[in-house]
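The values are calculated or read from the model by the stated rules, or taken from the named source; none is laboratory data. What you see is a predicted model; the values in this text were computed from it and never measured. As a convention, Cβ positions derive from the backbone with ideal geometry for all residues, glycine included, and neighbour counts pool all protein chains shown.
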Amino acid sequence: MSLWLRIFQALTTQGRVPSLSIVMLLRSMPDLSPANRSFREWFYTRWGRENCLILGRARHAEYARFRQRLSIKMARGGGERYFLDGRSVAVDDDSYLVLNDGRSYGSLIDTDQEVESFSIFFRPGLLEEVSSAMRVPIDDIPAYSHRFAGSIEFDEQLRPHDQAVSPVMRFIRHHILDGVDDDRWYEEQLHVLAARLLAQQHRTTQAVLRLDCAKASTRQELHRRVGLAADFMQSNYERDIGLDDIAAAACLSVHHFMRLFRRVHSMTPTQFLYRKRVQVALRLLQQSNLPAQDIASRVGFNSRATFYRQLKRWRNQTP
């Protein structure tokens, strides 16, 4: 049971409700079923108004489509699938996902083993505050009048773990697991995380500019489509998918898609897919007792020989 739920139950027993703070911290997946009415009422008095950190483990957890705040998603030990705009995206050990403020989506964990789900939802205005402050030179800080930037939009694509955003997420996660319940400390860390996230998005924007197109809008759209294809491969790597399927996810012809994908990722789509399969296979080799043939099949390789060859190519290892 989470700390906040214990506090809530204690206070409702006394006929009082908890006062609002700046961070809602849950150390288990929230049970928002109609049967859990008291918790639902407490949860929704705070949801969307404060920063919210949810760290929990589950074999099965399903949340219906709902309009959410800007958030970052991570998962460990398996995948959590998000459903948005007619597609599904699986977050696992290799990546994180940013979903914009006001986005409606549902999510699902449905596995044989427990998956750790970690989501951070930013309170309204925090990213805009940080973005505005980052634009102000140090000498001008005394005269800064909190003129916030406009709404911020992030690319809603799976992002490989990096040296900017991921370490802050892991640092916050470590302190949640360690029992830290200091609202002010978490608020500080979320300011750091927001600044890292904005800087990472700026680097993504610079990558878009490298596409050889006359119009900025065309570059952005092509980069978005390549991202859809990359998400499709990372979310369906265990299936028998080919170039036609992958290009279709990007709404591009195979030839145009291959050219664009290589320009963005510096590798072919097939190489990208094989790399993902190898990443998952290595985790299974380290964390399970499954035979190599079973692992090869689970991650989408059609033969053990192909599995060995790709494992050696990407990690210079053999089972």
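Can you tell me which residues in the stretch 87-107 are small (Gly, Ala, Ser), crowded, with 18+ Cβ neighbours inside 10 Å and in contact with a helix residue (DSSP H, G or I) (Cβ under 9 Å, 6 or more places away or on another chain)?
ALA90, SER95 - these are the residues of the stretch 87-107 that are small (Gly, Ala, Ser), crowded, with 18+ Cβ neighbours inside 10 Å and in contact with a helix residue (DSSP H, G or I) (Cβ under 9 Å, 6 or more places away or on another chain).
May I ask you to list the residues in the stretch 293-313 that are part of a helix (DSSP H, G or I) and touching a Leu at 6+ places or on another chain (Cβ under 8 Å)?
Result: ILE295, ARG298, LEU311.
Can you pull out every residue in the stretch 202-235 that is buried (at least 19 other Cβ atoms within 10 Å of the Cβ) and of a type in the set (S, T, N, Q)?
GLN234, SER235
With the requirement that a residue be touching a residue at least 40 places away in the same chain (Cβ under 8 Å) and in a loop (DSSP other than H, G, I, E, B), what does the stretch 118-135 give you?
Residues satisfying the conditions are PHE122, ARG123, PRO124.
With farther than 29 Å from THR204 by Cα, surrounded by fewer than 19 Cβ atoms within 10 Å (Cβ to Cβ), at pLDDT below 95 and of a type in the set (A, V, I, L, M) as the only criterion, which of LEU32, LEU5 stands out?
LEU32
Of the residues ARG123, ARG103, which is closer than 24 Å to ALA229 by Cα and either in the same structural domain as PHE171 (by TED's automatic domain parsing) or charged (D, E, K, R) (or both)?
ARG103
Quick check on the stretch 254-261. Is at least one of its residues part of a helix (DSSP H, G or I), out of contact with any helix residue (DSSP H, G or I) (no Cβ under 9 Å at 6 or more places or on another chain) and surrounded by fewer than 16 Cβ atoms within 10 Å (Cβ to Cβ)?
Yes, some residue in the stretch 254-261 is part of a helix (DSSP H, G or I), out of contact with any helix residue (DSSP H, G or I) (no Cβ under 9 Å at 6 or more places or on another chain) and surrounded by fewer than 16 Cβ atoms within 10 Å (Cβ to Cβ).
Quick one: how many residues across the stretch 292-308 are modelled with pLDDT of 90 or more and of a type outside the set (S, T, N, Q)?
7
Where residues in the stretch 84-115 are of a type in the set (D, E, K, R) and outside any strand (DSSP E or B), which of them is nearest to SER235 (Cα to Cα)?
The selected residue is ASP92.
Any residue at all in the stretch 292-299 that's on the phi > 0 side of the Ramachandran plot, free of Cβ contacts under 8 Å to residues at least 60 places away in the same chain and of a type in the set (S, T, N, Q)?
Checked against the condition, which is being on the phi > 0 side of the Ramachandran plot, free of Cβ contacts under 8 Å to residues at least 60 places away in the same chain and of a type in the set (S, T, N, Q), the stretch 292-299 yields no hits at all.
If you go through the stretch 250-273 one residue at a time, how many are in contact with a Lys or Arg (Cβ under 8 Å, 6 or more places away or on another chain) and either closer than 14 Å to PHE307 by Cβ or hydroxyl-bearing (Ser, Thr, Tyr) (or both)?
Adding up the residues that qualify gives 1.
Evaluate the stretch 108-130: report whether one residue or more is surrounded by fewer than 18 Cβ atoms within 10 Å (Cβ to Cβ), at pLDDT 95 or above and within 15 Å of the chain's Cα centre (by Cα).
Yes: one or more hits.
The rows are residues; the columns are (1) part of a helix (DSSP H, G or I); (2) in contact with a Gly (Cβ under 6 Å, 6 or more places away or on another chain); (3) free of Cβ contacts under 8 Å to residues at least 60 places away in the same chain; (4) in the same structural domain as SER266 (by TED's automatic domain parsing).
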site	(1), (2), (3), (4)
ASP181	no, no, no, no
GLU188	yes, no, yes, no
HIS191	yes, no, no, no
ARG196	yes, no, yes, no
LEU211	no, no, yes, no
VAL226	yes, no, yes, yes
ALA229	yes, no, yes, yes
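Report yes if some residue within the stretch 231-244 is in contact (Cβ under 8 Å) with a residue 24 or more places away in the chain and on the phi > 0 side of the Ramachandran plot; otherwise report no.
no
Could you tell me whether GLY48 is outside any strand (DSSP E or B), in contact (Cβ under 8 Å) with a residue 12 or more places away in the chain and out of contact with any Cys (no Cβ under 8 Å at 6 or more places or on another chain)?
So GLY48 passes the test.
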